[in-house]
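Some notes on the structure that comes next.
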Amino acid sequence: MMNLKGQAAMEYLMTYGWAILAIVLVIAALIFLNPFRAPEVCLFEQAGFTCNEPPPQLFVGSDGELKMNVKVWNQAGQNIEVKRFMCTNAPGNEIPESGWVGQFQMDTSISSGSSITFEGIPCVNSAGEQITSQPNQEFRGKIVIWYSYENDIDPNVLHQIKANVISRTAQSS
């Protein structure tokens with residue numbers, strides 16, 4: 001009688017032991033693969049432009065300031081002139097009054113169907129101040145581009161387009 005109780009106890013422990021081992025393996029796989037991390041994305045709010053091929057690069061410079069490299073594709077059907085460009089983490093539809101890059105690539109033309117790469121664009125917060133960050137942090141923000149069409153009557157009247165960006169920061173070399 002005593003042997004049967006011991007056997008039942010061993011079977012009980014072995015069954016739960018295998019179940020616990022399976023749970024530990026699943027948890028280890030989830031930690032390693034990290035399926036809950038947000039995907040890297042760059043998505044414009046309206047059609048005509050794309051910026052996700054390749055995804056934007058956000059990097060922390062030696063001074064700790066956050067900067068962006070991004071390739072913007074013009075699929076608007078006509079040539080454009082980029083006047084200003086901004087990377088920001090300002091909430092909602094808020095756009096800082098300062099912090100945009102106006103002298104960088106001023107009046108840069110992007111032909112319909114082609115692209116241009118903006119490199120080293122500083123990212124600013126809602127006050128227009130440079131963002132400092134650490135490598136391997138998640139960035140949630142947007143890029144804002146002010147542009148005019150090549151055939152606009154008044155090229156000083158600017159169109160604005162925004163793209164939402166989610167990406168991880170890297171260390172610049």
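The values are calculated or read from the model by the stated rules, or taken from the named source; none is laboratory data. What you see is a predicted model, and the numbers here were worked out from it, not measured in a lab. Here Cβ is always computed from backbone atoms with ideal geometry, including for glycine, and neighbour counts include all displayed protein chains. Each accessible area value is taken on the protein alone, full model and side chains, heavy atoms only, with ligands, DNA and RNA left out. Shrake-Rupley method; radii C 1.70, N 1.55, O 1.52, S 1.80 Å.
Considering Phe59, Phe32, Phe49, Phe36, which residue is open to solvent by less than 60 Å² (accessible area, probe 1.4 Å) and either under 17 Å from Tyr147 (Cα atoms) or at pLDDT below 85 (or both)?
Phe49
Output the residues belonging to segment 158-173 that are farther than 19 Å from Gln46 by Cα and surrounded by fewer than 18 Cβ atoms within 10 Å (Cβ to Cβ).
Arg168, Ala170, Gln171, Ser172, Ser173
Inspect all residues belonging to segment 79-97 and state whether any of them is surrounded by 11 or more Cβ atoms within 10 Å (Cβ to Cβ), hydroxyl-bearing (Ser, Thr, Tyr) and in a loop (DSSP other than H, G, I, E, B).
Within segment 79-97, none of the residues are surrounded by 11 or more Cβ atoms within 10 Å (Cβ to Cβ), hydroxyl-bearing (Ser, Thr, Tyr) and in a loop (DSSP other than H, G, I, E, B).
Between residues in segment 123-144 that are surrounded by fewer than 19 Cβ atoms within 10 Å (Cβ to Cβ) and residues that are part of a loop (DSSP other than H, G, I, E, B) and acidic (Asp, Glu), which pairs lie under 7 Å by C-beta distance while being six or more apart or on different chains?
Listed by first residue and then by second, the contacts come to Ser126/Glu94; Gly128/Glu97.
Would you please list the contacts, defined by Cβ atoms under 7 Å and residues six or more apart or on different chains, that run from a residue in segment 42-54 that is within 17 Å of Ile110 (Cα to Cα) to a residue that is of a type in the set (S, T, N, Q)?
The qualifying pairs are Phe44/Thr50; Gly48/Gln75; Phe49/Asn74; Phe49/Gln75; Thr50/Gln75.
Filter segment 117-157 for residues that are touching a His at 6+ places or on another chain (Cβ under 9 Å) and in a strand (DSSP E or B) and give the result.
Within segment 117-157, Ile145, Trp146, Tyr147, Ser148, Tyr149 qualify.
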